[in-house]
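J.: For reference, the structure I am asking about is given below.
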Amino acid sequence: MLEGMHYQNAYICDNLEAGIALFRGRGMTKEPIIIPVDQTVQTPEGPKRQKGRICFIWIGDLQYELIENEIDEVGIYANCLSNGGPLRFHHICFRIDDWEDFRARVDEQEFPVAMERDLTGEDPNGLKFLYLDARKVFGHYIEYTWMPEAMWQQIRAM
């Protein structure tokens with residue numbers, strides 16, 4: 001299942017500031033905002049906690065997400081093995097236009113859902129996301145997101 005608009009490559013790093021430093025002089029034009037994240041996501045085994053810090057760096061039309069993991073009850077970030085460098089590739093992300101149609105087909109495809117969250121219950125303008133575990137074919141996870149256009153424009157402006 002590969003669909004939507006690919007707009008993001010994501011990396012795990014042990015030190016977010018050190019990861020950000022690697023992008024300076026390599027196309028990063030403005031300093032990213034570091035966002036603390038402490039959330040409960042749904043998994044096949046039930047609710048699990050994810051806590052850490054993230055930032056988004058735009059270079060052209062591609063967003064780089066850097067993730068510093070702190071608590072990973074799902075194990076989705078902790079299972080990203082070290083490659084000896086400060087950044088470890090983790091997933092790509094696609095933006096989906098019709099979430100209901102997409103979500104109805106997720107359970108019929110081969111990759112299991114690793115985790116998902118729907119923030120529209122908390123905020124009608126919130127986003128929805130899920131991770132598929134595509135490691136057996138692609139070697140990484142695939143994230144899919146849906147968000148209102150106004151939120152997309154905010155993310156593009158970050």
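The values are calculated or read from the model by the stated rules, or taken from the named source; none is laboratory data. Predicted model, so just to flag it, every value in this text is computed and none were measured. Note: ideal-geometry Cβ built from the backbone for every residue, glycine included; neighbour counts use all protein chains shown. Heavy atoms of the whole protein, side chains included, go into the accessibility calculation; ligands, DNA and RNA do not. Shrake-Rupley method; radii C 1.70, N 1.55, O 1.52, S 1.80 Å.
J.: If you scan segment 1-56, which residues turn out to be open to solvent by less than 70 Å² (accessible area, probe 1.4 Å) and of a type in the set (S, T, N, Q)? Even if it seems obvious, please write down each step before you answer.
T.: Within segment 1-56, the first condition is being open to solvent by less than 70 Å² (accessible area, probe 1.4 Å), and the residues that meet it are 1, 3-4, 7-13, 16, 18-23, 27-28, 32, 34-35, 37, 39, 41, 43, 46, 48, 50-56.
Of everything in segment 1-56, those that are open to solvent by less than 70 Å² (accessible area, probe 1.4 Å) and of a type in the set (S, T, N, Q) turn out to be Gln8, Asn9, Gln39, Thr43, Gln50.
J.: May I ask you to list the residues in segment 136-154 that are in contact with a strand residue (DSSP E or B) (Cβ under 7 Å, 6 or more places away or on another chain) and either aliphatic (A, V, I, L, M) or over 29 Å from Met28 (Cα atoms) (or both)?
T.: Within segment 136-154, just Ile142 meets the criteria.
J.: I've got another one for you. Restricting to segment 80-97, give me the number of residues that are open to solvent by 50 Å² or more (accessible area, probe 1.4 Å), assigned to a loop (DSSP other than H, G, I, E, B) and within 20 Å of Phe129 (Cα to Cα). Walk me through it before giving the result.
T.: In the first step, residues of segment 80-97 are kept if they are open to solvent by 50 Å² or more (accessible area, probe 1.4 Å); the result is 81-84, 86, 89, 97.
Add one more test, that the residue is assigned to a loop (DSSP other than H, G, I, E, B), and what stays is 81-84, 86, 97.
Filter once more, keeping what is within 20 Å of Phe129 (Cα to Cα): 97.
Residues flagged as open to solvent by 50 Å² or more (accessible area, probe 1.4 Å), assigned to a loop (DSSP other than H, G, I, E, B) and within 20 Å of Phe129 (Cα to Cα) within segment 80-97 amount to 1.
J.: Within segment 42-79, track down each residue that is assigned to a strand (DSSP E or B) and among the polar types (S, T, N, Q).
T.: At the first step, the residues of segment 42-79 found to be assigned to a strand (DSSP E or B) are 42-43, 46-59, 62-72.
Answer for segment 42-79, where residues must be assigned to a strand (DSSP E or B) and among the polar types (S, T, N, Q): Gln42, Thr43, Gln50, Gln63, Asn69.
J.: Output the residue which, of all residues in segment 67-97 that are free of Cβ contacts under 8 Å to residues at least 40 places away in the same chain and of a type in the set (Asp, Glu), is farthest from Lys136 (Cα to Cα). So that I can check it myself, show each step before the final result.
T.: Keep residues of segment 67-97 that are free of Cβ contacts under 8 Å to residues at least 40 places away in the same chain, which gives 70-73, 75, 78-79, 81-85.
The next check asks that each one be of a type in the set (Asp, Glu); those that pass are 70, 72-73.
On the way: Glu70: 26, Asp72: 21, Glu73: 21 Å.
Among those residues, the one meeting the criterion is Glu70.
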